[in-house]
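S.K.: First the structure, which I've put down as structure tokens, then a few questions once you've had a look.
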Amino acid sequence: MRFLQNDRTGRAALVLLLIAVGALGALLLFDLLMIGPGYPPPGALQKWYIPQPGYGYAENGSVVVNRTTEGDIVLSGDIEEGCPPPFPDLSPYCSHAAYLDTGSGDRYLVVNWYFDDDADLARAEENLCSRLRSSGNVASAGLILPGKPDRSPDEPIVSPITVTKYESEASSGYFAAVEKPLSPEHEDYFIVYYGVFGPAVLPDHTAALEELMLRSYPLRGARSLASCP
């Protein structure tokens, strides 16, 4: 009898183990279907358009961090999760970073919102534009980004994009929405912001902000926010 009881207990444990393994496998499969094979996870995509520090190795083999983005502009602190004030939490996948121009002392900000659904993007644009109009001046603008020095021969020399210009006492800069930049088959959508902290004459900082744009993932196909003028 004790042998039969042990046998039943063992089989029950085996069944429970198989159920647990199956449930875990289903969750992993669901994640794979949501993200897609070979695509970065949301934790990486929420930082996708934020210029990040470079890494190298010293002669002794230690890792050396290069925080310089371009010229005198350096990453100030770390890339942080969450949205900074005065901007709303449009997505659970949001990150931001601050940059310092060591020559002029000007401080810059880059914010990256990631969405995995176009309906969420549309709602976020409407919400964001409402907030922007209530706190500052909003208008459509065009930027022409020069090609990167190491671009391939088939890449354009310049890349004109349409953006939403925002000017306020807290921050002034440029917003852009980007749809499916990784692949037409992958559901990835972004709202990105490149701006300067505090009250400022925006044209005086456009060159620095364009440099930050060039140091991020390419903004090909970027457009202005749909719900803004």
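S.K.: Take Ala207 and Ala139, extend 7 Å from each Cα along the Cα→Cβ direction, and tell me the distance between the two endpoints in nm.
M.R.: Output for this residue pair reads 2.2 nm.
S.K.: Related question: Can you tell which of Leu143, Leu90, Pro199 lies farthest toward the positive end of the dipole of the range 42-214, using +1 and -1 charges on the Cβ of basic and acidic side chains (Lys, Arg; Asp, Glu)?
M.R.: Of Leu143, Leu90, Pro199, it is Pro199.
A short reminder: the numbers here are calculations on the coordinates, not readings from a lab. In this text the structure is predicted, and so the values were computed from the model without any measurement. Please note: Cβ atoms are built from the backbone with ideal geometry, for glycine as well, and neighbour counts cover all protein chains shown.
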